[in-house]
1. So E41 fits all but one of (1) in contact (Cβ under 8 Å) with a residue 24 or more places away in the chain; (2) crowded, with 20+ Cβ neighbours inside 10 Å; (3) in contact with a helix residue (DSSP H, G or I) (Cβ under 7 Å, 6 or more places away or on another chain); what number is the exception?
2. Quick one: what pairs do we get from region 318-332, first residue among the acidic types (D, E), second surrounded by 11 or more Cβ atoms within 10 Å (Cβ to Cβ) and assigned to a loop (DSSP other than H, G, I, E, B), C-beta under 7 Å, 6+ apart or different chains?
3. Going by what's in this entry, would V56 be described as modelled with pLDDT of 95 or more, under 29 Å from E199 (Cβ atoms) and loosely packed, with under 14 Cβ neighbours inside 10 Å?
4. Yes or no: I116 modelled with pLDDT of 95 or more, outside any strand (DSSP E or B), crowded, with 22+ Cβ neighbours inside 10 Å and assigned by TED's automatic domain parsing to the domain that holds A178?
5. For region 200-210, state whether one or more residues are under 30 Å from Y283 (Cα atoms), in contact (Cβ under 8 Å) with a residue 24 or more places away in the chain and in the same structural domain as F22 (by TED's automatic domain parsing).
6. What are the residues in region 205-230 that are under 20 Å from the mean Cα position of the chain (by Cα) and either aliphatic (A, V, I, L, M) or outside any loop (DSSP other than H, G, I, E, B) (or both), if any?
Amino acid sequence: MIEYENLKKLNEPFFAEYEQKFHSVLDSGWFILGNEVKEFENRFASYCGTKHCVGVANGLDALFLALKALEFPVGGEVIVPSNTYIATILAVLNCGLKPVLVEPDMATYNINPVEIEKAITRKTVAVMVVHLYGKCCAMDEIIRICKKNNLKLVEDCAQAHGAIYRGKKAGTFGDFGAFSFYPTKNLGALGDGGALNTESDDLKNSIAQLRNYGSDKKYYNDVAGYNSRLDELQAAFLTVKLGHLDKINKHKQKLASIYQDGLKRDFIKPVMDKDFIDVYHIYNIRHSRRDELKSYLVDHGVRTEIHYPVPPHWQNAMKGVLDGVAFPISEEIHKTTLSLPISFFHTPADITRVIDIMNKF
């Protein structure tokens, strides 16, 4: 069986370094907001090419705290893609803001700048883009729209660690770049974790307070904050993994190129473009008989995933929030998309085997 993912196999090359870090943290006796968090924040900021990084508890908190730090009025509208994972929308709702969904570009699956401009109203305060599957959005046009309309820009980079658009890495275009370090990500922890990147000293200081009960001095609280801290142990593991991130991304890019060259035209494959360096957190294809294809692959020893089976506006949690709306492009993507094996532990031979099976479907 070719697994879709196996977190033990994925992390085995790093076990010795993890063990060293584990004992280092244990011996230090310091487990919250210590030197490991500071080291990771500095290294990740440097890797991305941004001034500041602030570690938080998870990716959803990163998105939520970004919006809180920007201090929008209740009821302000935030434009988000209609085919995103629900976390993007939950962050908006949890801040008392209104998510305004717009359709993606069917070729890239990322938010369509033309649709962003159509959706702007006098209540619009921000655009939250999602670099889906590990491909950056078309940021030049999005930045132009935000500047023209005086809107804040937040990047959801949960799937795009190291992805590049025209020479710049994801998480360096907006007011904030929000990251998740969920274990399956290209830069994944051994538990939950997240971070926010920003160029602004003021926004960095705001997030540093908000994540720690609104305090930057013990027992003195300046704002009503939250408990959302990246812990020392996860930060230590992330520092290890960060040292291998380029190797991980290059491996996944090699596997993606094998898919691109080998899969027959029956399958709609990811679009490749010289302006974009994709990191393939997910390698997705689309097919009109997706469910049959998924079952066929399981029967022939290949496991796949669907990212995501249900569009956000069809989720039970969105009843009363996004009722009565239709997003046909998003719905078509969710109905036809299939994610193929592309983990760091997979070999080119694994991918060739998947291709051979798929091409007989």
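1. (3)
2. E331/P311
3. Against the criterion (modelled with pLDDT of 95 or more, under 29 Å from E199 (Cβ atoms) and loosely packed, with under 14 Cβ neighbours inside 10 Å), V56 does not qualify.
4. yes
5. Checked against the condition, which is being under 30 Å from Y283 (Cα atoms), in contact (Cβ under 8 Å) with a residue 24 or more places away in the chain and in the same structural domain as F22 (by TED's automatic domain parsing), region 200-210 yields no hits at all.
6. Scanning region 205-230 gives I207, L230.
For (1) over 29 Å from M106 (Cβ atoms); (2) buried (at least 17 other Cβ atoms within 10 Å of the Cβ); (3) of a type in the set (F, W, Y), each residue gets a yes or a no:
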| site | (1), (2), (3) |
| --- | --- |
| L203 | yes, yes, no |
| S206 | yes, yes, no |
| R211 | yes, yes, no |
| S228 | yes, yes, no |
| K247 | yes, no, no |
| F276 | no, yes, yes |
| I282 | no, yes, no |
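Per-residue answers, yes or no, for (1) touching an Asp or Glu at 6+ places or on another chain (Cβ under 7 Å); (2) free of Cβ contacts under 8 Å to residues at least 40 places away in the same chain; (3) closer than 23 Å to G171 by Cβ:
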residue: A69; (1), (2), (3): no, no, yes
residue: I86; (1), (2), (3): no, no, yes
residue: D105; (1), (2), (3): no, yes, yes
residue: N112; (1), (2), (3): yes, yes, yes
residue: R122; (1), (2), (3): no, yes, no
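The values are calculated or read from the model by the stated rules, or taken from the named source; none is laboratory data. Predicted model, so just to flag it, every value in this text is computed and none were measured. In this analysis, Cβ positions are derived from the backbone assuming ideal geometry, glycine residues included, and neighbour counts consider all displayed protein chains.
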